[in-house]
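Below is one structure, written out as structure tokens; the observations come after it.
Each reported figure results from applying straightforward, stated rules to the coordinates on display, with no laboratory input. This structure is a prediction, so every number in the text was calculated from the model and none was measured. Note that we place each Cβ from the backbone using ideal geometry, even for glycine, and neighbour counts take in every protein chain shown.
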Amino acid sequence: MSSVEELLIKMAKEILGDDVIDVLSLLIKRREEMKDEDIANELNLKINDVRKVLYMLAEQGFVISRRTRDKDTGWYIYFWRANLEQINNIILNRKRAILEKLKLRLEFESSNTFYVCNNDYARYTFDEAFENQFKCPRCGSPLSYYDSEKVKERLRERIEKLEEEIANETKASSN
Ligand SMILES: [Zn+2]
């Protein structure tokens, strides 16, 4: 298996869990379209379970389908294949989503003042601390000012690194 294929499986596992791996691995190995019933036969699975997995995979862009109408029954037949072309877009989209979260986090850190419990290290915003007379609402210990400069610095570093990666990969995929 190539590294792109391994990455696709690893990401599918992370996002959707172990249940989708057999189906995705089979489609990757085959390198051609398969009908859901053929996948079910091959893997000894119930066709409904296979369909459920295929739709989960398709929703996240790991597989794509093409449909044709069966001439005899008039019903649609779906052909499925692994969506290896989309791997870079999937990775990019995930990175963009992470970047958004980090930016929101940094904004939250930057627009709040924090207090921390000396006993259990729970952290509170100024408003929360003020409401509780600067005592920990969990254990009653006094709260002290929390310097979040290091937290913000780490967030800024991660944001910068991600932005760089996204810029490079966007350039690479448009070439
Ligand atoms: Zn406490």
>> I'd like to know which of Y78, Q60, C136 lies farthest towards the positive end of the charge dipole of the range 47-175, counting +1 on Cβ of Lys and Arg and -1 on Cβ of Asp and Glu.
In response: Y78
>> Can you compute 3J(HN,Hα) from phi for each residue in the range 99-112, using the Karplus curve 6.51 cos²θ - 1.76 cosθ + 1.60 with θ = phi - 60°, rounded to whole Hz and x for Gly and Pro?
In response: 4, 4, 4, 5, 5, 4, 4, 5, 4, 4, 5, 7, 9, 10
> Which value, in debye to the nearest 20, describes the size of the charge dipole of the range 91-175 about its Cα centre when Lys and Arg Cβ atoms bear +1, Asp and Glu Cβ atoms bear -1, and nothing else is charged?
Replying inline: 300 debye
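Counting pairwise Cα distances across the range 1-91, what percent come out greater than 17 angstrom?
For the range 1-91, the share of Cα pairs beyond 17 Å comes to 45 percent.
Could you tell me which of the pairs K46/K71; K101/K171; K95/K150; K13/K35; K46/K101 are separated by over 32 angstrom between their Cα atoms in the structure shown?
On the way: K46/K71 25 Å; K101/K171 23 Å; K95/K150 23 Å; K13/K35 22 Å; K46/K101 39 Å.
In this structure, K46/K101 exceed 32 Å between Cα atoms.
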>> Give me the one-decimal nm value for the distance between modelled label points at K13 and W75, 7 Å along each residue's Cα-to-Cβ direction.
In response: 3.4 nm
> Quick one: which of 68-78, 25-35 comes out on top by average Cβ neighbours within 10 Å, and what's the full order, highest first?
Replying inline: 25-35, 68-78
> Taking only the alpha-carbon atoms of the chain, what semi-axes of the equivalent ellipsoid follow from 5 times the gyration tensor eigenvalues under a square root, in whole Å, largest first?
Replying inline: 48, 21, 13
